[in-house]
1. Considering the range A:70-116 alone, what residues qualify as being assigned to a helix (DSSP H, G or I) and within 14 Å of chain B (Cβ to nearest Cβ)?
2. In the range B:214-235, which residues are surrounded by fewer than 22 Cβ atoms within 10 Å (Cβ to Cβ), in contact (Cβ under 8 Å) with a residue 40 or more places away in the chain, facing chain A (nearest Cβ under 10 Å) and out of contact with any Phe, Trp or Tyr (no Cβ under 6 Å at 6 or more places or on another chain)?
3. Pull up the range A:323-337, narrow it to residues that are of a type in the set (A, V, I, L, M) and more than 7 Å from chain B (Cβ to nearest Cβ), then point me to the one that is farthest from A:Val21 (Cα to Cα).
4. Mind listing just one residue for me: the one in the range B:199-213 that is small (Gly, Ala, Ser) and in a helix (DSSP H, G or I) and, of those, surrounded by the most Cβ atoms within 10 Å (Cβ to Cβ)?
5. For A:Thr57, work out the one condition from (1) surrounded by fewer than 24 Cβ atoms within 10 Å (Cβ to Cβ); (2) more than 24 Å from A:Leu270 (Cβ to Cβ); (3) touching a helix residue (DSSP H, G or I) at 6+ places or on another chain (Cβ under 6 Å); (4) not acidic (Asp, Glu) it doesn't fulfil.
6. Looking for whichever is touching a helix residue (DSSP H, G or I) at 6+ places or on another chain (Cβ under 6 Å) and within 14 Å of chain B (Cβ to nearest Cβ) here; the options are A:Ala255, A:Ala286, A:Ala261, A:Ala304. Which one fits?
7. If you scan the range B:66-87, which residues turn out to be in contact (Cβ under 8 Å) with a residue 60 or more places away in the chain and within 7 Å of another protein chain (Cβ to nearest Cβ)?
8. State yes or no: is A:Ala135 crowded, with 24+ Cβ neighbours inside 10 Å, more than 27 Å from B:Ser263 (Cβ to Cβ) and modelled with pLDDT of 90 or more?
Amino acid sequence: MQRDGAAFWRLLSAQAIGIAVVALIALGAFAALLLAAGKNPLQAYVDTVVYVFGNATGFAELLVRMTPLVFTAVAAALPARIGLINVGGEGQLYMGAWLATAGELALQNHSAFVLLPALTVLGFVGGGLWALLPAILRALRLVNETISTLLLNYLAPLIVSYFIFGPWRSPESSSYPESPAFVDAARLPTLFHSRVHAGLIYALVCLGLYWLALGRTRFGLQMRAIGGNVEAARRLGIPVMSYTLVVMFIAGGVAGLAGMAEVSAIQGRLVAELSPGYGYAGFLVAWLAGTGAGGILVMSFLFAVLGSVGDMLQITQNLPYAVINILMAGILFIVLARRPIGRAVS
Amino acid sequence: MNSALLIGVVASSVMSGTSLLYATIGEIVGERAGIVNLGLEGIMLIGAATGFAATALTGDAYLGVAAAALAGTAVNLIFAYLVIGRHANQLATGLTLMFFGLGLSALIGRPFLGTLIAGLPKLRLLGLGIMGNPLLSFDVLVYLAVPAAVLVWWLLFRTTWGLGLRAVGENPVAAVAAGLSPSRLQYQALGLAGLLGGIAGAHLSLAVTMTWAEGMTAGRGFIAIALVIFAKWNPLWAIAGALLFGGAESLQLQLQAAGADVSPFIMNMVPYLLTLAVLIAWGWRRQGAAPAALGRNFVGVE
C-alpha cells in the first residue's frame, strides 16, 4: 500500500500510460478483426467517444456501468489479500438482489427511512451468506473455494428465475417474467438528474473502506501476514479460520450490494438477466489492478468504456453485445503476456 | 418407469454425457501436466460455433467436427503460450480465455443464428441394431467417446510420454533432471486438451441442439472442471462421472417432457448441486489425488 500521495499518483499515472498503450494495441487488433468480418468498428469507436465524453448523459451512463464493477472487484480483491480466490461475485450479486427483493416485498408499507437501510443490509447479507458457504467448505478443507464459488454462480440465477417465474411473478409481466415493481420508497435515489444512483456512493465507500482497512489497521496487517505465509500467521496466533469466514462474508456482501443497487436503482424490480457477467469482469478488474484500490477505480472505468463500445457495436453494427468480450480479453491477454510474474490473485 | 421412457433417459444421458466426457478428459490431460484451464467453457463455445459454421457452409458435419477440433487446439495454444511461455497466472488467463471464447463464438455464430443443419449422421452399430430401437442409434462422436477416454488413459498411464507428462505435473524440477522438457510436454498436453474441448463443443451444436445459440454451453465447461476432481484425474472415472451427470440432465428433461409438476429451474440446479455434493464427499474422505504442482507455473531450474 502506497502511503506517500505524490508517489502514489506517479505510480498510478505510469500504470495508466501502460494501460493506454495496451488498450491502443488491442483496439487496433479488434478493429482489424471486425473489418475482416465486414463490420465497421472505427465508426463505433468514434460514436463511443462522442457519446461518452461529448455529453453529460453519456458520461453518466459510464458511471452507472462502472458501479457494479467496483463492487465485484472489491469482492474479488479482498479475499485475494489472504490468498483466497473468489470467482463467485456473479452468484453473490444475484443473491444480494434476491434477498433485497424479498425485503422489499415484506416491508413495502414502510417509509424509505426503513426500507433503504433494510434493503442495503439484506443485499449485503444475501451476497455474504452465498460466499460464506464456500468459505466454510474451504475452512474445513473440504472443497477448494475457486471451484465452489464458480459452481454457485450457476445456482444463484436459477434461484432468482425460480422466484420470478413462480411465487414472485408480477401479474402484469407478460413474456418476460419479473417481480412486481418496487415501491418508490424502496428505490435508491438517483444523482445529478441522471441514471447515476446512490449505489455509486456505496461502491466508493466500500472501496474507501477497503483501502483504509488494508493500509491502516491491525486487520490489514494480519491479512497481509496470512496472505504472505499462512503457517507463519497461524503460529503468530492470527485466527486464520475466522479471517477466512469473515473476509469471504464481507466480500460476498459487497458483491451483494451490487445486486441490491441493480434491482433497487436500475431495474426497480427483480429480473432474470440481472448481470451481463459483472462478477467475472470484476474479478479481472481486481486482477488487473493488482488488488490495489486506486487501480480498481481506474480499471472499472476502463471496463465501463469498453462496455459502451459494446453497446455501440450492438446498436450501429448489428453485432451481439458479447463480441466486446474479444476486445476485453485482448487487452487482458497483452497484459498477461507483459506481466510475467502476476501479482496477487494467484 | 416404462421401457420407452427408460430407453429415452438412457439415450439422452448418453447424448448429454458425451460432450462432458470429451471436455473432461481434455482437462485431465492439461491438469496432469500441472495446468488448470478455467477457460474450457470458452474453448467449448468456440468449438460449438466453429463446428456449426463449418457445417452450415460446407454441408458436411464431419468437416464441422474437424474445424471445431482445429479451432479448439489453436485457441488453447494462445492460453498455452501465456501460461507456459509467459508464466501468466493460470486462473486469470483461464477466465480471460472464457471471455474471449464467449466473444469470438458470438462473432463467428452471428450469421448462423436460426440456420438449420442436418447435424451429425446417426449410425447404426451391429450390436445395437439388433435391439432394433431407433432411439439407440447415435452419431460417431458418441461411439468414440469411451474409446477416446480409454485411449487418453492409456496415453497417460501406459506410455513413456504419459509418464513424462505426469512427472511434469507432479514435480517439474525432477522432470528436468530426468531429461524431460516440461514446457514441450505442457504445450502438447494443452494442444490435446484444446482439440478435445473443441470436439466437446461441436457435439453440442452438431448433434444435441443442431442450432447455434450464444453461450449455449451454459456452464458445461465448469461442470467438466468439477468432474475432473470427481474423476480423481483419471479418464476412466471420467466415463462414470460424465454418464452420471448426463443422466441427471436427461432425467430432468424427461420429467419436464412428461409434465412433472416441478419447476424447471429447480431441476436445472440438480447437476450443480450434485457436483458440489460429490466434491464435498471427496473432500471429506481426503481423496484429493491432485497433481502436486497443479496451478503453479514452472519458471525453470536454478
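1. If the condition is that a residue be assigned to a helix (DSSP H, G or I) and within 14 Å of chain B (Cβ to nearest Cβ), then A:Thr72, A:Ala73, A:Ala76, A:Ala77, A:Pro79, A:Ala80, A:Gly89, A:Glu90, A:Gly91, A:Tyr94, A:Met95, A:Trp98 are the ones that fit.
2. Matches in the range B:214-235: B:Glu214, B:Gly215.
3. Checking each candidate, the answer is A:Leu327.
4. Top of the filtered list is B:Gly201.
5. (3)
6. So the residue among A:Ala255, A:Ala286, A:Ala261, A:Ala304 that is touching a helix residue (DSSP H, G or I) at 6+ places or on another chain (Cβ under 6 Å) and within 14 Å of chain B (Cβ to nearest Cβ) is A:Ala286.
7. Listed by number, the list holds a single entry, B:His87.
8. Yes, satisfied.
The values are calculated or read from the model by the stated rules, or taken from the named source; none is laboratory data. This structure is a prediction, so every number in the text was calculated from the model and none was measured. Because the Cβ atoms are built from the backbone with ideal geometry, glycine has one as well, and the counts that use them run over all protein chains shown.
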